[in-house]
């Protein structure tokens, strides 16, 4: 079990993404996942791991979206990765 959780800085960034009407659906999805892992022991699910991994492999996403993806992956289930 991974005991990492979303930092307060990353949670703030995720909150900004969710409130921004111009944020992509991918960014909002990652942001929601990051926020759901704030102050909890929840881990990233397999589907979200795949989405975050795909974001990091692509050059079409901005640094904010990539930062959220990296945070999500850092909280993944180590047995699955």
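Every number in this text was worked out from the coordinates using simple rules, so none of it is lab data. Model, not experiment: these values are computed from the prediction. Every residue, glycine as well, gets a Cβ built from its backbone with ideal geometry; the counts of neighbours run over all protein chains shown.
Annotations
- Alpha-carbon spread of segment 1-44, three principal axes, descending order, Å: 34, 17, 9
- Order of 28, 42 under a 10 Å beta carbon neighbour criterion, fewest first: 42, 28
- Working ranking of peptides 60-69, 7-16 by packing, defined as the average number of other Cβ atoms within 10 Å per residue, highest first, is 60-69, 7-16.
- Pair-distance distribution of segment 8-74: all C-alpha pairs, bin width 10 Å, starting at 0; shares per bin in whole percent are 24, 58, 17, 0.
- Distance between modelled label sites at residue 21 and residue 8, nm, 7 Å Cα→Cβ extension: 3.1 nm
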